[in-house]
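Have a look at the structure below before the remarks.
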Amino acid sequence: MSANVDQNNRPDYDRVLQDIADYVLTFNVESAEALDTARNCLMDTLGCGLLALRFPECTKHLGPLVEGTVVPFGARVPGTSYRLDPVKAAWDIGCIVRWLDYNDTWLAAEWGHPSDNLGGILAVADHLSQKRVANGEAALTVRDVLEAMIMAHEIQGVIALENSFNRVGLDHVLLVKVASTAVTAKLMGANREQLLSALSHAFADGQALRTYRHAPNAGSRKSWAAGDATSRGVRLADIALRGEMGIPGVLTARQWGFYDVSFSHTNNDLALKPEGKRVFSFARPYGSYVMENVLFKISFPAEFHAQTACEAAVTLHPLVRNRLHEVDRIVITTHESAIRIISKVGPLANAADRDHCIQYMTAVPLAFGNLLAEQYEDDFHAAHPIIDVLREKMVIVEDPRFTREYLKADKRSIANAVQVFFKDGSSTENVVVEYPIGHRRRRAEGIPLLEDKFKANLATRFTGQRSNEIFTLCKDQQALEATPVNRFVDLFVI
């Protein structure tokens with residue numbers, strides 16, 4: 001037989017896809033810690049979305065694609081009066097959740113924000129619940145939402161543990177799309193074949209580039225990219241449930257598969273097969289590990305690799321606020337990932353550029369004692385030239401221990417240290433913060449502050465009575481889990 005022909009023996013679905021499908025279809029969530037953390041995550045994620053509605057650059061993206069469209073049983077966008085088809089509702093919810101870079105984070109070989117998947121989860125659950133009630137059937141409950149969140153966190157986070165998409169130039173929202181596809185397909189009633197088909201199409205898509213997160217192209221697309229990804233997950237799930245055939249070898253197909261096309265051109269330490277093909281590597285099976293260990297952004301709307309630098313800067317603020325013009329240099333000691341993602345010099349073009357600059361995110365709390373979303377905006381930046389003066393005096397140093405312990409499974413630290421040196425030769429102490437307040441190691445300290453953050457975010461959109469009603473329900477694990485999704489979303493409608 002000629003060697004110049006393709007062997008057209010259709011393979012079984014790639015094992016990676018089968019493992020995700022089997023996890024979603026068979027895993028029983030039994031971890032009380034995961035469910036409790038998911039409840040807090042639901043509160044925090046929705047609160048972040050409500051806060052983002054204060055920013056016109058965010059709200060200009062929201063609403064139906066065709067003005068005046070009426071969608072029967074349309075999914076609602078919390079904090080608004082929009083009732084949209086589930087795909088656009090997922091886009092909008094994902095957009096507001098991510099806009100301020102304030103929702104949860106997962107840090108490993110790949111970074112990301114697993115609660116971005118709530119866009120697809122909540123949109124689908126709300127739409128299905130309304131439809132079921134109209135047909136005399138039981139609605140989905142918030143317990144179903146929490147379980148879907150746990151599974152989406154797990155899929156995104158476990159793949160991210162040892163597989164770096166950023167090193168091949170791909171954005172982490174690829175994993176949002178994959179996770180959202182899996183869990184929304186399950187919510188929609190997919191069988192195994194339909195779930196596998198949907199997942200295969202998620203990898204067959206062209207994937208987003210990371211260029212909009214990095215100098216010199218950092219911009220606001222990074223604030224809606226996850227909304228786009230979670231909504232695409234809903235769309236692909238719908239396509240599969242309509243009977244669309246899958247692509248079984250989407251990852252492993254020679255020359256045309258994801259591994260060869262999008263994942264092989266890298267020098268990082270991904271799993272390498274003997275024949276030289278790079279494939280995904282997995283450190284652990286799917287369970288509830290990621291939700292239990294997820295990182296909350298509690299104190300600052302800032303890219304997570306800078307959270308501990310911001311904490312250190314707040315500590316130093318009383319010592320430097322009256323000596324800002326006496327500063328000779330500021331040394332930020334950090335880890336490799338922070339240097340690769342958010343260390344930059346030169347002009348910062350927009351708010352999205354500033355909230356991914358460790359120098360900016362450290363300078364603001366040094367000068368003002370806090371870091372708020374409004375302090376990334378053009379008018380604030382222009383009004384306070386001291387920020388750029390301080391940025392120019394910053395020196396970034398990698399500590400190899402910080403880099404090692406960032407990746408160690410028993411630590412997962414996100415360490416930064418800040419020290420200020422003055423022109424007279426004096427200096428502050430070197431303030432080291434290894435674990436941010438949103439870390440699992442600081443849960444007892446962090447959750448009360450997370451609740452305060454949620455209450456403050458509710459108050460930006462609702463009356464005191466409505467805010468109290470929502471908060472009281474969200475604090476009660478048993479009552480919240482039993483609440484029909486459509487009744488829960490009712491509380492967030494303007």
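The values are calculated or read from the model by the stated rules, or taken from the named source; none is laboratory data. These numbers come from a predicted model, not from an experiment. Using ideal geometry, Cβ is built from the backbone for each residue, glycine included, and neighbour counts are taken over all protein chains shown. Side chains are part of the model used for accessible areas, which takes the heavy atoms of the whole protein and leaves out ligands, DNA and RNA. Shrake-Rupley method; radii C 1.70, N 1.55, O 1.52, S 1.80 Å.
Restricting attention to region 123-150, the residues that are outside any helix (DSSP H, G or I) and more than 29 Å from the chain's Cα centre (by Cα) add up to 4. Contact annotation: residue pairs with Cβ atoms under 9 Å, 6 or more positions apart or on different chains, pairing a residue in region 355-384 that is under 12 Å from residue 332 (Cβ atoms) and at pLDDT 95 or above with a partner that is hydroxyl-bearing (Ser, Thr, Tyr) and open to solvent by 20 Å² or more (accessible area, probe 1.4 Å), are 357/343; 358/343; 359/343. Per the conditions (1) of a type outside the set (D, E, K, R); (2) more than 23 Å from residue 51 (Cβ to Cβ); (3) assigned to a helix (DSSP H, G or I), the sole criterion not satisfied by residue 420 is (3).
Residue pairs whose Cβ atoms lie under 7 Å apart, sitting 6 or more positions apart in sequence or on different chains, and linking a residue in region 124-153 that is touching a residue at least 40 places away in the same chain (Cβ under 8 Å) to a partner that is assigned to a loop (DSSP other than H, G, I, E, B) and open to solvent by 70 Å² or more (accessible area, probe 1.4 Å), are 127/73; 130/73; 131/73; 134/73. Just one of the numbered conditions (1) modelled with pLDDT of 95 or more; (2) part of a helix (DSSP H, G or I) is not true of residue 442: (1).
Based on what the data block shows, is residue 288 modelled with pLDDT of 95 or more, open to solvent by 10 Å² or more (accessible area, probe 1.4 Å) and under 25 Å from the mean Cα position of the chain (by Cα)?
On the way: modelled with pLDDT of 95 or more: yes; open to solvent by 10 Å² or more (accessible area, probe 1.4 Å): yes; under 25 Å from the mean Cα position of the chain (by Cα): yes.
Yes; evaluated as a whole, the condition is true for this residue.
The single condition among (1) touching a Leu at 6+ places or on another chain (Cβ under 6 Å); (2) surrounded by fewer than 24 Cβ atoms within 10 Å (Cβ to Cβ); (3) not hydroxyl-bearing (Ser, Thr, Tyr) that residue 185 does not satisfy is (2). From the list 128, 161, 146, 140, the one residue that fits, being under 19 Å from residue 30 (Cα atoms) and either basic (Lys, Arg) or open to solvent by 10 Å² or more (accessible area, probe 1.4 Å) (or both), is 140. Of all residues in region 38-74, those being open to solvent by 10 Å² or more (accessible area, probe 1.4 Å) and assigned to a loop (DSSP other than H, G, I, E, B) number 16. Tell me, please, whether a residue that is crowded, with 17+ Cβ neighbours inside 10 Å and in a loop (DSSP other than H, G, I, E, B) can be found in region 445-455. No: zero hits. Those helices (runs of 4 or more DSSP H) of region 312-391 in which at least 3 residues are surrounded by fewer than 16 Cβ atoms within 10 Å (Cβ to Cβ), considering only elements entirely within it, cover 378-383.
Quick one: is residue 47 without any contact (Cβ under 8 Å) to a residue 40 or more places away in the chain and of a type in the set (Gly, Ala, Ser)?
Working: without any contact (Cβ under 8 Å) to a residue 40 or more places away in the chain: no; of a type in the set (Gly, Ala, Ser): yes.
The answer is no for residue 47.
When region 463-494 is filtered for residues that are of a type in the set (Gly, Ala, Ser) and surrounded by fewer than 19 Cβ atoms within 10 Å (Cβ to Cβ), the ones remaining, listed by number, are 464, 479, 482. Within region 76-98, residues that are within 15 Å of residue 45 (Cβ to Cβ) and at pLDDT 95 or above reach partners that are in a helix (DSSP H, G or I) and open to solvent by 20 Å² or more (accessible area, probe 1.4 Å) with beta carbons closer than 6 Å, at six or more positions or on different chains, in the pairs 95/224. Evaluation of residue 460 against the conditions (1) at positive phi; (2) surrounded by 14 or more Cβ atoms within 10 Å (Cβ to Cβ) shows that the sole unmet condition is (1).
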